[in-house]
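Before any comments, here is the structure.
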Amino acid sequence: AQKVTQAQTEISVVEKEDVTLDCVYETRDTTYYLFWYKQPPSGELVFLIRRNSFDEQNEISGRYSWNFQKSTSSFNFTITASQVVDSAVYFCALSGSSGGSYIPTFGRGTSLIVHP
Amino acid sequence: SQTIHQWPATLVQPVGSPLSLECTVEGTSNPNLYWYRQAAGRGLQLLFYSVGIGQISSEVPQNLSASRPQDRQFILSSKKLLLSDSGFYLCAWRWDGKLFFGSGTQLSVL
């Protein structure tokens, strides 16, 4: 069975602060994928990133960066210089090869509130 | 380009009434389709997924059912809604290993 834990239920920051959202996962699969999705107040989930289990390189996209560490089973997401538009619920997800289905399991989400 | 449509956006239904939520995908063929539910303040729970016409896998025993009458159409149904069926329902399709979501339906059962 696979599991994703996002221990932070809600984070509140002031604009321009850096913020890190934590994600810890469990899986027995050797091949798997990790994802981050953003859910703004409108409700639709927006895909942010996918990382496969064989690629531990960190990734940066503008103000967003992701730190994947297999040794600690973590895939953390950092927003640099946060903005009010970053306010949303962020979900981490894991998709493993068990049964060949690769169906993602989602964490409970972290609600990020960025105050002006 | 591929797009996913989901409707209605909001729905208020009395307990015991039937339900039908529809999801369609454009711009692709034979997609893997998924129904998720998000209860208030909670994460996403996979309800059903389908890898082809008439093929439905249920993840959680419940009051709901799903059907896939056409390649790019996925329907979530119930014969009699319960209060506990309230939530935000999201349809998704999978492409290149990623899930892309519809805009969701907010269902309130009163």
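In the range B:41-63, which residue that is modelled with pLDDT under 85 and surrounded by fewer than 14 Cβ atoms within 10 Å (Cβ to Cβ) is nearest to A:Tyr102 (Cα to Cα)?
B:Val60
Would the range A:47-58 turn up any residue that is within 11 Å of chain B (Cβ to nearest Cβ), surrounded by fewer than 16 Cβ atoms within 10 Å (Cβ to Cβ), modelled with pLDDT of 95 or more and over 28 Å from B:Gln6 (Cα atoms)?
There is no residue in the range A:47-58 that is within 11 Å of chain B (Cβ to nearest Cβ), surrounded by fewer than 16 Cβ atoms within 10 Å (Cβ to Cβ), modelled with pLDDT of 95 or more and over 28 Å from B:Gln6 (Cα atoms).
Pairs please, first residue from the range B:75-104 and in contact (Cβ under 8 Å) with a residue 40 or more places away in the chain, second anywhere and surrounded by 19 or more Cβ atoms within 10 Å (Cβ to Cβ) and not in a strand (DSSP E or B), Cβ atoms under 6 Å, 6+ apart in sequence or on different chains.
Listed by first residue and then by second, the contacts come to B:Ser78/B:Leu64; B:Phe88/B:Gly104; B:Leu90/B:Gly104; B:Cys91/B:Gly102; B:Trp93/B:Pro31; B:Phe101/A:Leu45.
If you go through the range A:22-46 one residue at a time, how many are touching a residue at least 12 places away in the same chain (Cβ under 8 Å), facing chain B (nearest Cβ under 10 Å) and surrounded by fewer than 13 Cβ atoms within 10 Å (Cβ to Cβ)?
So in the range A:22-46, the residues touching a residue at least 12 places away in the same chain (Cβ under 8 Å) come out as A:22-41, A:45.
If we keep only those that are facing chain B (nearest Cβ under 10 Å) as well, we get A:33, A:35, A:37, A:39, A:45.
From the residues that got through so far, the ones that are surrounded by fewer than 13 Cβ atoms within 10 Å (Cβ to Cβ) too are none.
Result for the range A:22-46: 0.
Considering every residue within the range B:24-38, establish whether at least one is away from chain A (no Cβ under 11 Å), over 17 Å from B:Lys98 (Cα atoms), surrounded by 14 or more Cβ atoms within 10 Å (Cβ to Cβ) and in contact with a helix residue (DSSP H, G or I) (Cβ under 9 Å, 6 or more places away or on another chain).
Yes, there is a match, as at least one residue in the range B:24-38 is away from chain A (no Cβ under 11 Å), over 17 Å from B:Lys98 (Cα atoms), surrounded by 14 or more Cβ atoms within 10 Å (Cβ to Cβ) and in contact with a helix residue (DSSP H, G or I) (Cβ under 9 Å, 6 or more places away or on another chain).
Considering only residues of the range A:1-21 that are of a type outside the set (Gly, Ala, Ser) and part of a loop (DSSP other than H, G, I, E, B), which is surrounded by the most Cβ atoms within 10 Å (Cβ to Cβ)?
A:Gln6
Would the range A:70-78 turn up any residue that is more than 14 Å from chain B (Cβ to nearest Cβ), crowded, with 16+ Cβ neighbours inside 10 Å, β-branched (Val, Ile, Thr) and closer than 18 Å to A:Tyr25 by Cα?
Yes, the range A:70-78 contains at least one residue that is more than 14 Å from chain B (Cβ to nearest Cβ), crowded, with 16+ Cβ neighbours inside 10 Å, β-branched (Val, Ile, Thr) and closer than 18 Å to A:Tyr25 by Cα.
What residue, among those in the range A:1-43 that are of a type in the set (D, E, K, R) and in contact with a strand residue (DSSP E or B) (Cβ under 6 Å, 6 or more places away or on another chain), is farthest from A:Ser87 (Cα to Cα)?
For the range A:1-43, the residue satisfying everything is A:Asp29.
The values are calculated or read from the model by the stated rules, or taken from the named source; none is laboratory data. The shown structure was predicted, so the numbers you read here are calculated from the model rather than taken from an experiment. Reconstructed Cβ throughout: ideal geometry from the backbone, glycine too, with neighbour counts over all protein chains shown.
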